[in-house]
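Taken together, the values in this text are just the output of simple stated rules run on the coordinates, not laboratory data. As the structure is a computational prediction, the values presented were derived from the model and not from experiment. Heads up, the Cβs are rebuilt from the backbone with ideal geometry, glycines too, and the neighbour counts pull from every protein chain shown.
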Amino acid sequence: MILFKTTTDLVKWLDAQRQKGNTIGFVPTMGALHPGHLSLIEAAKKSNQLVVSSIFVNPTQFNNPKDFEKYPITIEKDIELLEQAGCDVLFLPSVDEIYPGNFSKNRTYDLGFLETILDGKFRPGHFQGVCMVVHRLLDIVNPDNLYLGQKDYQQCLVIKKLIEIIGRQTIKVHICPTLREADGLAMSSRNMRLTEKERAKAPAIYHALLFIKDNIVKGNLAIIRKEATEMLDKAGFKTDYIEIADANNLTLLNEWDGHQKIVVLVAAFLNEIRLIDNMVLS
Ligand code: PAF
């Protein structure tokens, strides 16, 4: 695996690869890698000649400074894992490399309704920060294919919208399934921050999703959402939201016709740690 720390070197190298006809699959990450990330590398390897991954803990997407300070950093292990997974290139930029002095942070992305719901509502500014960094990374890497994890369901829709906004529709977005621990907990870098006690409680999020999957019937959704929230309360979570939405566009639903493809989305805190998860039901 080749490691690049500067934009200039990476852009030059990738240009030469493109001229040779090599296609590029891109897996952007914030590090603290787990098998979920590695499954994205694996998917990218299947349909691209070259796989580029980036590790950059993007300060502009953290609405909570404490969350940023405590974000897990495991660079050496990450490099080992990427190498084992057969990643070809790792881009490991500094903050100045991504946001140089002449970079304007004033641009805003019109994400419309997507930014007013769920994490858009509970984490103000978060998706603008995601768009800022992903836009910059796409400009640098210029991939043919982009690989994202379904665990960040709303982020996947936001990034698709970003690609439309910046007119880069030739980049194909691939959304890969959430990987779970044996007890159902969705794999996430933030799981590393859970204490033993919190880790034991954490699968309650998955159980709440399964509860909705197994019990949802057409009609009003208020009661099932309330019951799932109570399950999380009992397990010691403080819930930001449990919502049921149209799986294609995230319109929040109060009623279900029994046919529409839907997604159940949860965000909840276990003490300081905020976990998110979702499940698509068809
Ligand atoms: O999902 C993530 O890890 C981040 O939000 C991303 C897409 C790498 C942007 O910083």
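Quick notes on this structure:
- Candidates T7, T60, filtered to the one that is over 17 Å from D144 (Cα atoms), within 15 Å of the ligand (Cβ to nearest atom) and crowded, with 17+ Cβ neighbours inside 10 Å: T60
- Failed criterion for I159 (all others in (1) under 15 Å from the mean Cα position of the chain (by Cα); (2) assigned to a helix (DSSP H, G or I); (3) away from the ligand (no atom under 12 Å from the Cβ) hold): (3)
- Being of a type in the set (D, E, K, R), without any contact (Cβ under 8 Å) to a residue 24 or more places away in the chain and away from the ligand (no atom under 13 Å from the Cβ) holds for only one residue in E83, E69, and it is E69.
- Filter pass, R190 being closer than 23 Å to F269 by Cα, within 11 Å of the ligand (Cβ to nearest atom), basic (K, R) and touching a strand residue (DSSP E or B) at 6+ places or on another chain (Cβ under 9 Å): yes
- In the stretch 249-281, the residues that are more than 24 Å from S188 (Cβ to Cβ) and in a loop (DSSP other than H, G, I, E, B): N249, T251, L253, N254, D257, G258, H259, Q260, K261
- Selected residue [at negative phi, away from the ligand (no atom under 16 Å from the Cβ) and outside any helix (DSSP H, G or I)] from I205, I242, I212: I242
- Members of the stretch 189-202 that are within 19 Å of the chain's Cα centre (by Cα) and either in a helix (DSSP H, G or I) or loosely packed, with under 15 Cβ neighbours inside 10 Å (or both): S189, R190, N191, M192, R193
- In the stretch 27-51, the residues that are part of a strand (DSSP E or B), over 14 Å from the mean Cα position of the chain (by Cα) and either among the β-branched types (V, I, T) or within 14 Å of the ligand (Cβ to nearest atom) (or both): V51
- Meets criteria (within 16 Å of the ligand (Cβ to nearest atom), of a type outside the set (V, I, T) and in contact (Cβ under 8 Å) with a residue 40 or more places away in the chain) for S54: yes
- Taken together, L82, L137, L50 contain a single residue that is within 23 Å of L162 (Cα to Cα) and touching a strand residue (DSSP E or B) at 6+ places or on another chain (Cβ under 6 Å), which is L137.
- Evaluated against (1) among the aliphatic types (A, V, I, L, M); (2) on the phi > 0 side of the Ramachandran plot; (3) assigned to a strand (DSSP E or B), I175 falls short on exactly one condition, (2).
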